[in-house]
Amino acid sequence: CNFKYVNQTVPFNVGTSVLIRYAHKLMSFLKPDEFVTRAGGDNFHLLVRKENLDEFIQNVSMIPIEIKSGNMRVHFELTCYMGVCVIETRMSIQSAVENAINTMTIAKHTPHTPVMYYTEEIGEKQHHINEILAKFVNAIDNREFIAYYQPKVNLITQKIIGMEALVRWKTGDRIVSPGQFIGILENSRYIMDLDHYMLRQVCRDIKRW
């Protein structure tokens, strides 16, 4: 859920109370043979019968929480992102949970899509994301990222007045398009590592020139 706003608004102990009330609200929407567990932070795993799923999603799309903080009563309207994986025959619980988590992660970075259902296409997309992240550290160490320089030209004098450094990933004989990895790195902590790497590379090139 969008719990970051709560932590920015009220003290930690009050935020904890809000989270507890949120969990109780989730439990109140479940049927007797359904359950919820807290995965950590403001993340929850839920097991809901397929025939009850639409009603449950509607109930949790926005949950109001009102709580006392000091001499004030604070009101929050908590929304959430959901990744839904329908458990098929022979699918393990572990696989279902992983599929749901991956789907939720993609939903968080897809505008206007708070609820997303797992598909094979999403599974392939997440596999690509995992592959890029797994290869990134070695690629940095092996200096596989190179700078391509795009000139900036003064339209009046027609002279080059600067350059823009564009990153390319050269792995083996193949150049990986930035469109295949920049967005993935931006959604992880690795984008800063790439920024620092490119800054050092540009400085080295300027010194060499």
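The values are calculated or read from the model by the stated rules, or taken from the named source; none is laboratory data. The model shown is predicted, which means the values in this text are computed figures rather than measured ones. Reconstructed Cβ throughout: ideal geometry from the backbone, glycine too, with neighbour counts over all protein chains shown. Ligands, DNA and RNA are excluded from the accessible area calculation, which covers all protein heavy atoms including side chains. Shrake-Rupley method; radii C 1.70, N 1.55, O 1.52, S 1.80 Å.
Some notes on this structure:
- Check on Ile146, hydrophobic (A, V, I, L, M, F, W, C), closer than 17 Å to Trp209 by Cβ and not in a helix (DSSP H, G or I): yes
- Residues in the stretch 171-194 that are closer than 30 Å to Ile106 by Cβ, of a type in the set (D, E, K, R) and open to solvent by 90 Å² or more (accessible area, probe 1.4 Å): Arg174, Glu186, Arg189.
- Which listed residue is among the hydrophobic types (A, V, I, L, M, F, W, C) and in contact (Cβ under 8 Å) with a residue 24 or more places away in the chain, from Ile87, Ile161, Ile122, Ile132: Ile132
- The set of residues from the stretch 195-208 being more than 25 Å from Asn130 (Cα to Cα) and open to solvent by less than 30 Å² (accessible area, probe 1.4 Å) comprises Gln201, Asp205.
Quick grid of which residues meet (1) in contact (Cβ under 8 Å) with a residue 24 or more places away in the chain; (2) within 18 Å of Asp33 (Cβ to Cβ); (3) surrounded by 14 or more Cβ atoms within 10 Å (Cβ to Cβ):
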site: Phe56; (1), (2), (3): yes, yes, yes
site: Met62; (1), (2), (3): no, no, no
site: Ile65; (1), (2), (3): yes, no, yes
site: Ile93; (1), (2), (3): no, yes, no
site: Ile106; (1), (2), (3): no, no, yes
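- Of residues in the stretch 70-87 being aliphatic (A, V, I, L, M) and part of a loop (DSSP other than H, G, I, E, B), the one least open to solvent (accessible area, probe 1.4 Å): Val86
- Residue list for the stretch 124-141, filter: within 28 Å of Phe56 (Cβ to Cβ), within 15 Å of the chain's Cα centre (by Cα) and not aliphatic (A, V, I, L, M): Lys125, Gln126
- Yes/no for Leu30 being at pLDDT 95 or above and surrounded by 14 or more Cβ atoms within 10 Å (Cβ to Cβ): yes
- Considering residues of the stretch 150-168 that are among the charged types (D, E, K, R) and in a strand (DSSP E or B) only, the residue nearest to Val202 (Cα to Cα): Glu164
- Here Ala23 meets the list (1) surrounded by 12 or more Cβ atoms within 10 Å (Cβ to Cβ); (2) in a loop (DSSP other than H, G, I, E, B) almost entirely, failing just condition (2).
- Figure legend. Inter-residue proximity from the stretch 185-204: first residues at pLDDT 95 or above, second residues in a loop (DSSP other than H, G, I, E, B), beta-carbon distance below 9 Å, spacing 6+ or different chains. Indicated pairs: Leu194/Phe181; Tyr197/Arg143; Gln201/Arg143.
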